[in-house]
Amino acid sequence: MNSHKKKKNFLQTIDNEFETFQLCAMDYKVNERKRSLCLECGNQIRYGRTDKKFCCEDCRTRHHNNMAKAGRAFRNKVIGILNRNYEILDSLLEKGMDSAELVDIEMMGFVPGMSTSCRRSGKHNVFTCYDIKYILTRTKIFSIMKINNLSVNLRIGTELKDQ
Ligand SMILES: [Zn+2]
């Protein structure tokens, strides 16, 4: 490559970089404009600091209340799923069953991804749903049993360093 060509390539690179920079700057401006809209009502924020998120105190309060409500709704949904999982596991135990095909209990509404604890034991993953423990593989659930000593179980995951 001769020096003229090298210089041309170099200038091209600079050009490209400048173009990228301009695009980023445009993006930034668009984002800035977005940021100056109230997160709650969507109205333009007319005064105050540029990083202000709400147009007024009412919107701030309403937004935080809505977020808290959404958080509670999510936690309640998780608790609902855990309770249904528990009822399914409990109904199996009542029938004297300690194992099942995963597909069968999924049909009953069991959600494998939801448990109250999970630990590795040997080559298995041991899960609990409140006071019922079980081993889960990709296709099966087995060794379903009630945990007898609940006070011991509640210490799992809590490192009592002083003892
Ligand atoms: Zn607002």
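Looking at region 35-56, which of its residues are among the acidic types (Asp, Glu), more than 11 Å from the ligand (Cβ to nearest atom) and surrounded by 11 or more Cβ atoms within 10 Å (Cβ to Cβ)? First the steps, then the outcome.
From region 35-56, those among the acidic types (Asp, Glu) are 40, 51; that's our starting set.
Narrowing the set further to residues that are more than 11 Å from the ligand (Cβ to nearest atom) leaves 51.
If the condition is that a residue be among the acidic types (Asp, Glu), more than 11 Å from the ligand (Cβ to nearest atom) and surrounded by 11 or more Cβ atoms within 10 Å (Cβ to Cβ), then no residue fits.
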In region 98-142, anything of a type in the set (Ser, Thr, Tyr) and free of Cβ contacts under 8 Å to residues at least 24 places away in the same chain is listed as 121
What residue, of 129, 59, is among the hydrophobic types (A, V, I, L, M, F, W, C) and within 16 Å of the ligand (Cβ to nearest atom)?
-> 59
Restricting the first residue to region 47-66 and requiring it to be part of a loop (DSSP other than H, G, I, E, B), which pairs with a second residue that is more than 11 Å from the ligand (Cβ to nearest atom) and not hydrophobic (A, V, I, L, M, F, W, C) meet a Cβ separation below 8 Å and a spacing of at least six or different chains?
-> 50/32; 50/35; 50/36; 51/35; 52/36; 53/35
Exception for residue 128 within (1) out of contact with any Cys (no Cβ under 9 Å at 6 or more places or on another chain); (2) closer than 11 Å to residue 144 by Cα falls at (1)
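Any read-out appearing in this document is the output of simple, stated calculations on the displayed coordinates, not a laboratory observation. Note that the structure is a prediction, hence the values are computed from the model and not measured. Because the Cβ atoms are built from the backbone with ideal geometry, glycine has one as well, and the counts that use them run over all protein chains shown.
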